[in-house]
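J.: I'd like to ask some things about the structure below.
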Amino acid sequence: MTVIWQTRAKPGKEAELKAFITAAVTPSRNDPGNIDYEAHEVEGRPGAFVIYERWENRECLDAHLSAPRMNELVPQMLKLIDGSIEDGISLLRPFRPVR
């Protein structure tokens, strides 16, 4: 399961959101089933960020999202981002051509 999350900081909250995201990377990488967790700034768009996550399966992603620390982080994040968390999420399911 791959997740791409795009978000933008509220005006004046760019540095605070970047620090917040940076602090969340290592704990997320250590969650069971995490394959990859990378944070990116969008070049040429100050305050715009993209998180790229890969999980072994949907159950591992769901466990990450329901981890106790997320109950604390989500309200804090909502104060920093423009819009909702859900608006920026894309869940990707891989597929391969039939041979």
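J.: Has the range 49-58 got any residue that is in contact with a helix residue (DSSP H, G or I) (Cβ under 6 Å, 6 or more places away or on another chain) and among the β-branched types (Val, Ile, Thr)?
T.: No, there is no match, as no residue in the range 49-58 is in contact with a helix residue (DSSP H, G or I) (Cβ under 6 Å, 6 or more places away or on another chain) and among the β-branched types (Val, Ile, Thr).
J.: Considering every residue within the range 31-52, establish whether at least one is open to solvent by less than 80 Å² (accessible area, probe 1.4 Å), of a type in the set (S, T, N, Q) and more than 11 Å from the chain's Cα centre (by Cα).
T.: Keep residues of the range 31-52 that are open to solvent by less than 80 Å² (accessible area, probe 1.4 Å), which gives 31, 33-34, 36-39, 42, 44, 47-52.
Filter once more, so that each one left must be of a type in the set (S, T, N, Q): 34.
Narrowing further to those that are more than 11 Å from the chain's Cα centre (by Cα): 34.
Yes, there is a match, as at least one residue in the range 31-52 is open to solvent by less than 80 Å² (accessible area, probe 1.4 Å), of a type in the set (S, T, N, Q) and more than 11 Å from the chain's Cα centre (by Cα).
J.: Please verify whether the range 1-10 includes one or more residues that are under 23 Å from residue 92 (Cα atoms) and without any contact (Cβ under 8 Å) to a residue 40 or more places away in the chain.
T.: Within the range 1-10, not a single residue is under 23 Å from residue 92 (Cα atoms) and without any contact (Cβ under 8 Å) to a residue 40 or more places away in the chain.
J.: If we keep just the residues of the range 1-18 that are open to solvent by 20 Å² or more (accessible area, probe 1.4 Å) and among the β-branched types (Val, Ile, Thr), which is farthest from residue 43 (Cα to Cα)?
T.: 2
J.: Mind listing whichever residues of the range 65-94 are farther than 18 Å from residue 4 by Cβ, open to solvent by less than 100 Å² (accessible area, probe 1.4 Å) and not in a helix (DSSP H, G or I)?
T.: Within the range 65-94, 66, 67, 80 qualify.
J.: Still on this model: So, in the range 39-84, how many residues would count as being within 18 Å of residue 9 (Cβ to Cβ) and among the charged types (D, E, K, R)?
T.: Total satisfying the criteria: 5.
The values are calculated or read from the model by the stated rules, or taken from the named source; none is laboratory data. Source: prediction; values computed, not measured. Virtual Cβ from ideal backbone geometry, glycine too; neighbours counted across all protein chains shown. When the accessible area is computed, the model is the full protein with side chains, heavy atoms only, and any ligands, DNA or RNA have been set aside. Shrake-Rupley method; radii C 1.70, N 1.55, O 1.52, S 1.80 Å.
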